[in-house]
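Some notes on the structure that comes next.
The values are calculated or read from the model by the stated rules, or taken from the named source; none is laboratory data. From a predicted model like this one, the values you see are computed outputs, not experimental measurements. Because the Cβ atoms are built from the backbone with ideal geometry, glycine has one as well, and the counts that use them run over all protein chains shown. Ligands, DNA and RNA are stripped out before the accessible areas are found, and what is left, the full protein with its side chains, is counted by its heavy atoms. Shrake-Rupley method; radii C 1.70, N 1.55, O 1.52, S 1.80 Å.
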Amino acid sequence: MLRIGICDDSADARIALRSALERALDRRRGAGTFFEFSSGEGLLRWLKNHAGELDMVFLDIEMGELDGMETARRLREADENLLLAFVSGYTDYVFDGYSVGALGYLMKPPKPDQLDSVLDRAAEARLREGDMVFLCRSGETLYRIPKKSILYFASDRRQVSCVSTARTYTFYGKLDEVERTIGDGFVRVHQRYLVRVGAVDRLEGGQVFVGEEVLPISRACRSAALASLARTALEG
């Protein structure tokens, strides 16, 4: 299930692209959830509260005060793994699309084979990013969180909170399971805390400083945590 954003100041254009994408997904026996935005500003505001809730965004170029290319640059700053594609009536910005890593630059109305090609590249990109993101589900929402943006995980009974630079995500689970699946670059500093090593600013006494947060280091985890942090410092 792809979560696709469509950003265009024309309601008719949004409807047409959504219909074309639904047909393209049907051809692939896939499905999508769509989110529509009439401006780049509106899309960026929405993402501030919904980081990690989109897989891909189709952007019009010519839009109001904030055009599609500038919107793409700001989206890329917020999430370097977000998949982007442009749909425009103009060819002027074709080469600019490469600067933001766009999957495609489609002319309106996009042809079926062009949409198929972009969706194929999107599927390939998602497979490649497997080691770079952490996936978790809260209710009906699947979050895609870049690992490099994660500061730490904290557990409280059956709930785990993933604290990132963008927001905090809460889901049901066990910290032991997160530790097994998250991969390298994270270290357990306490029964309740799993920290991304690269996010640690310093250790002082029995505490670890992660940005503005101060987390305890337990005696049971201290030796392994210190070894992991020292190893990362030497490698850096």
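Here are some notes:
- Residues in segment 125-138 that are without any contact (Cβ under 8 Å) to a residue 40 or more places away in the chain and either in contact with a His (Cβ under 7 Å, 6 or more places away or on another chain) or of a type in the set (D, E, K, R) (or both): R128, R137.
- Matching entry among A166, A122 (being open to solvent by less than 20 Å² (accessible area, probe 1.4 Å), touching a residue at least 24 places away in the same chain (Cβ under 8 Å) and small (G, A, S)): A122
- Residue list for segment 209-236, filter: farther than 21 Å from G173 by Cβ, of a type outside the set (G, A, S) and at pLDDT below 90: E212, R219, R222, L226, L229, R231, T232, L234, E235
- Residue match in segment 207-229 (condition: under 22 Å from the mean Cα position of the chain (by Cα) and in contact (Cβ under 8 Å) with a residue 40 or more places away in the chain): yes
- Residue satisfying all of: in segment 125-154; of a type in the set (A, V, I, L, M) and within 28 Å of E212 (Cβ to Cβ); surrounded by the most Cβ atoms within 10 Å (Cβ to Cβ) among these: I150
- Among the candidates R192, R157, R180, R188, residue that is open to solvent by less than 50 Å² (accessible area, probe 1.4 Å), over 17 Å from the mean Cα position of the chain (by Cα), over 25 Å from D26 (Cβ atoms) and among the basic types (K, R): R188
- The set of residues in segment 29-60 that are of a type in the set (A, V, I, L, M, F, W, C) and modelled with pLDDT under 90 comprises A31, A51.
- Y90 part of a strand (DSSP E or B), under 27 Å from R23 (Cα atoms), at pLDDT below 90 and among the aromatic types (F, W, Y): no
- Enumeration of residues in segment 188-212 that are under 13 Å from I150 (Cα atoms) and assigned to a strand (DSSP E or B): Y193, L194, V195, R196, V210
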